[in-house]
Amino acid sequence: FGEVSKGFQAIAATVVDYFKKSFEDSTRAFEQLAGAKSFEQAWEIQSQYAKKAFEAYVAQASKIGEMYVDLARSAYQPVEQAAVRTARKA
């Protein structure tokens, strides 16, 4: 259970870091939008922000998915080892 707990803590820390960075990025984009001199400039700022936000989300989702897979593997490992020992006895 210790490994599983550490895995969930690592996932939670990663998610918190992502949300902090996402908030900072959105705040920065809003500040840039507030200073836009034209509709075209505002559109460009918003487009760049949306593209970066989407790319960051996809990367984060992939990273979290990999972390869950690793967590599942480490959680299943003791069960697998017990099954192998039982099979050897049979």
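The values are calculated or read from the model by the stated rules, or taken from the named source; none is laboratory data. Treat the numbers as computed from the prediction; the structure is a model and nothing was measured. Note that we place each Cβ from the backbone using ideal geometry, even for glycine, and neighbour counts take in every protein chain shown. Areas reflect the complete protein model, heavy atoms only, side chains present, ligands, DNA and RNA absent. Shrake-Rupley method; radii C 1.70, N 1.55, O 1.52, S 1.80 Å.
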Boolean, Glu31 is open to solvent by 100 Å² or more (accessible area, probe 1.4 Å), at pLDDT 95 or above and more than 30 Å from Tyr76 (Cα to Cα): yes
Report, by residue number, each residue of the stretch 63-90 that is of a type outside the set (D, E, K, R) and over 16 Å from Gly7 (Cα atoms). Val79, Gln81, Ala82, Ala83, Val84, Thr86, Ala87, Ala90
For the stretch 35-48, indicate whether the set of residues that are of a type outside the set (Phe, Trp, Tyr), touching a residue at least 60 places away in the same chain (Cβ under 8 Å), open to solvent by less than 60 Å² (accessible area, probe 1.4 Å) and in contact with a helix residue (DSSP H, G or I) (Cβ under 7 Å, 6 or more places away or on another chain) is non-empty. no
Please specify each residue of the stretch 73-82 satisfying the condition of being open to solvent by 60 Å² or more (accessible area, probe 1.4 Å) and of a type outside the set (Lys, Arg). Tyr76, Gln77, Pro78, Val79, Glu80, Gln81
Among the residues in the stretch 1-8, are any open to solvent by 80 Å² or more (accessible area, probe 1.4 Å) and modelled with pLDDT of 95 or more? no
Are any residues in the stretch 49-69 under 14 Å from the mean Cα position of the chain (by Cα) and open to solvent by 80 Å² or more (accessible area, probe 1.4 Å), and if so, which ones? Phe54, Glu55, Tyr57, Lys63, Glu66, Tyr68
Could you tell me whether Ser47 is polar (S, T, N, Q), assigned to a helix (DSSP H, G or I) and modelled with pLDDT under 95? no
